[in-house]
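The values are calculated or read from the model by the stated rules, or taken from the named source; none is laboratory data. Note that the structure is a prediction, hence the values are computed from the model and not measured. Neighbour counts are summed over all protein chains in view; Cβ atoms, including those assigned to glycine, are modelled from backbone coordinates with ideal geometry. Heavy atoms of the whole protein, side chains included, go into the accessibility calculation; ligands, DNA and RNA do not. Shrake-Rupley method; radii C 1.70, N 1.55, O 1.52, S 1.80 Å.
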Amino acid sequence: MYFAHLIVSLNKVLSLGKVRKNKRLFCFFLSFRSFNRTFAPMLEVKIKNSELVRAAEKGLDEFLDLFVNAIKEAIGGELNAETMAQLNSEQITLLGYDILRSELMDGGFIQLIHNGYGPFFFRNPFAKAVRQWGLDDLARMIRKANDLYRKTHDEIERDCSDEQFMALYEQFPKYDDLDDEFVENEERWSAMIAYYIDEHIDNFATVLNNE
């Protein structure tokens with residue numbers, strides 16, 4: 001247990017900035033069922049024990065980032081269908097949560113969908129995966145967002161000017177409540193994921209005891 005001593009404050013106030021990123025397509029369809037069914041990584045992801053200890057001492061974000069960055073480094077920094085096939089479902093779910101958190105904390109579901117990430121989260125069993133980690137309310141939120149996504153994604157995914165992009169927030173206000181729900185719960189959900197990783201480290205990386 002590296003993370004048990006970390007006290008996470010759930011009273012932090014976080015703000016949501018609606019900033020459009022350069023649109024990047026993430027539209028390849030990835031079924032978690034098509035990847036390694038076991039939790040043993042197909043591609044060895046290595047983390048030093050000393051790095052784990054330091055990250056856990058620093059806090060929640062550092063602990064999560066250590067695993068996310070180690071997985072990204074192992075796949076050469078390029079997240080696509082080919083490199084994802086080298087990961088197990090636990091590692092894919094963690095990378096997915098990292099993308100979800102980054103997009104929603106920056107620009108909400110409108111930005112996430114416009115940037116092309118919709119198919120990964122809504123046409124794959126991502127909600128089921130996080131529910132298996134104990135995040136039932138996050139899974140419910142993803143399913144509610146999926147209902148909206150299927151009705152609105154064609155228009156949101158279209159190429160548009162910055163002005164037209166910002167207008168999407170007024171055109172589809174039903175996403176606002178979901179954006180707010182994520183912001184309000186992000187720290188708690190991230191803490192739950194950190195503790196899950198701590199309890200199942202071997203599913204995510206190989207810890208090296210020697211420097």
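Can you say whether LEU66 is outside any helix (DSSP H, G or I) and open to solvent by less than 40 Å² (accessible area, probe 1.4 Å), as far as the supplied structure shows? Can you show your working first?
On the way: outside any helix (DSSP H, G or I): no; open to solvent by less than 40 Å² (accessible area, probe 1.4 Å): yes.
For LEU66, the condition - outside any helix (DSSP H, G or I) and open to solvent by less than 40 Å² (accessible area, probe 1.4 Å) - is not met.
Among the listed residues GLU90, GLU44, GLU57, GLU82, which satisfies the condition of being modelled with pLDDT of 50 or more, open to solvent by 40 Å² or more (accessible area, probe 1.4 Å), under 21 Å from TYR196 (Cα atoms) and part of a helix (DSSP H, G or I)? Steps first, answer last, please.
Working: GLU90 fails: open to solvent by 40 Å² or more (accessible area, probe 1.4 Å); GLU44 fails: part of a helix (DSSP H, G or I); GLU82 fails: under 21 Å from TYR196 (Cα atoms).
Only one candidate qualifies: GLU57.
State all residues of the range 129-166 that are small (Gly, Ala, Ser) and under 21 Å from ALA194 (Cβ atoms); if no residue qualifies, say none. ALA129, GLY134, ALA139, listed by residue number. Scanning the range 119-138 for residues that are more than 12 Å from the chain's Cα centre (by Cα), under 23 Å from ILE156 (Cβ atoms) and without any contact (Cβ under 8 Å) to a residue 60 or more places away in the chain turns up just one, PHE122. Of the residues making up the range 93-108, those that are aliphatic (A, V, I, L, M) and open to solvent by 10 Å² or more (accessible area, probe 1.4 Å) number 2.
Only helices (runs of 4 or more DSSP H) whose full extent lies in the range 109-204 are considered here, and the ones with at least 2 residues that are open to solvent by 20 Å² or more (accessible area, probe 1.4 Å) are 126-132, 136-156, 162-171, 175-199.
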